[in-house]
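Engineer: Attaching a single structure in structure tokens format; questions to follow.
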Amino acid sequence: MDVSAGAALGAALAVGLGALGAGIGDGLVSSKTVEATARQPELRGNLMVIMFIGVGLIEALPIIGVVIAFMLFGKI
């Protein structure tokens, strides 16, 4: 396999799997927040803050994947 082909494949995998994992994680966090809000509506504000922090941390993964993809594209 050529180095450029391997770099392109690695970039595609980094972005694709990062987006897949983030999508699953965001869905789980959102569903659990809605479930917790339904159980205790008075904690809605606190739950939303915690959810936004969690989603922000989850979204860091695809951003790192895109940075890795750009670094690999620099080698093509």
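Each reported figure results from applying straightforward, stated rules to the coordinates on display, with no laboratory input. Quick caveat, the model's predicted, so the values are computed rather than measured. Here Cβ is always computed from backbone atoms with ideal geometry, including for glycine, and neighbour counts include all displayed protein chains.
Engineer: Give the residues of the range 23-65 that are surrounded by 15 or more Cβ atoms within 10 Å (Cβ to Cβ) and more than 30 Å from Ala7 (Cβ to Cβ), sorted by residue number.
Structural biologist: Selection gives Val29, Thr33, Ala36, Thr37, Leu47, Met51, Gly54, Val55.
Engineer: Moving on to the next point. Inspect all residues belonging to the range 34-46 and state whether any of them is in a helix (DSSP H, G or I) and under 19 Å from the mean Cα position of the chain (by Cα).
Structural biologist: So the first thing to find is which residues in the range 34-46 are in a helix (DSSP H, G or I), and the list is 34-39, 41-46.
Checking the rest, the ones that are also under 19 Å from the mean Cα position of the chain (by Cα) come to none.
Among the residues of the range 34-46, not one is in a helix (DSSP H, G or I) and under 19 Å from the mean Cα position of the chain (by Cα), which makes the answer no.
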